[in-house]
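For reference, the structure discussed in these notes is given below.
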Amino acid sequence: MKRLFSVIFLLLLVFAMPAWAHFQLLIPSNDIVSVNDNRSVSLFLCFTHPMEGGPNMEMARPEAFGVMIRGKKIDLMSSLKPIKLPFYPAWHSEAQKEKGTATAWKATYQLRRPGDHIFYVVPKPYFEPAEEKYIKQITKVVVNAFGAEEGWDQPVGLKAEIIPLTRPYGFWEGNTFRGLVVINGKPAPNIEVEVEYYNKDGRAHAPKDPFVTQVVKTDENGIFVYTVPWAGWWGFSALGDGGTIKKGGKEYPVELDAVIWIKAYPRPEGVR
């Protein structure tokens, strides 16, 4: 009987733990590149919990990785290089306990043409045993090159995609971001969009669990709105339905998410 109570207690403890949001990162070294800047942009790809600083999860080689410029797609799969990350960054309290590593990816791209460059990644589905489902987060980020502000609002044609209705660069903290969620070619009404800050240096601390992941919903037209509270990289993940995948004779649901990253800049000194 004591053992039964112990098992029940452990199960309750597991289900009481916060379900931190998964996010596919696609972070460029610069989101606005001027003619006098370094024209080489590095890109960091990782599957993690950005606000909590981990754990970083194993990321398989993506199904697709590329960039769209003025409506033309360029395959960048050959530029991907695997890297190893610790499960938790050095600033995290769990860093000394968890000594393992997870695979992430990096790439470098040389900007040659003016205009908006929409980088995108289609990852392989990730199986999350704790939730008994697969997660596939199709992710993009926009880099503006050489002052030509053209293309940021164009769809790439991905199976899951957030089309920005607010220009996703030159963005101040406190600005409001609007996006249209498209899943399987159609606007996705009344679905949740999770929002998290990329807490790279561990400077942001959530006072309670609900502060880790902000949540908004799309309206009847598939549009969501969120006001970014402070500077840094922010991810928006719209949670869609991707059908099922069979594994070991059992069918598991697939969470098909559309993700976009934007960078908010600090307001100028002296501005309230």
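Tabulated data
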read-out: Enumeration of residues in region 138-168 that are hydroxyl-bearing (S, T, Y) and over 28 Å from R61 (Cα atoms); value: T166
read-out: Out of K250, K217, K186, sole residue that is modelled with pLDDT under 95 and not hydrophobic (A, V, I, L, M, F, W, C); value: K250
read-out: Residues within region 29-48 that are touching a residue at least 40 places away in the same chain (Cβ under 8 Å) and either farther than 20 Å from K263 by Cα or surrounded by fewer than 21 Cβ atoms within 10 Å (Cβ to Cβ) (or both), tallied; value: 8
read-out: Residue ID - farthest from C46 (Cα to Cα), chosen from residues in region 65-117 that are among the acidic types (D, E) and modelled with pLDDT of 95 or more; value: D116
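The values are calculated or read from the model by the stated rules, or taken from the named source; none is laboratory data. This is a predicted model, so every value here is computed, not measured. FYI the Cβ positions are ideal-geometry reconstructions off the backbone, even for glycines, and counts take in every protein chain you see.
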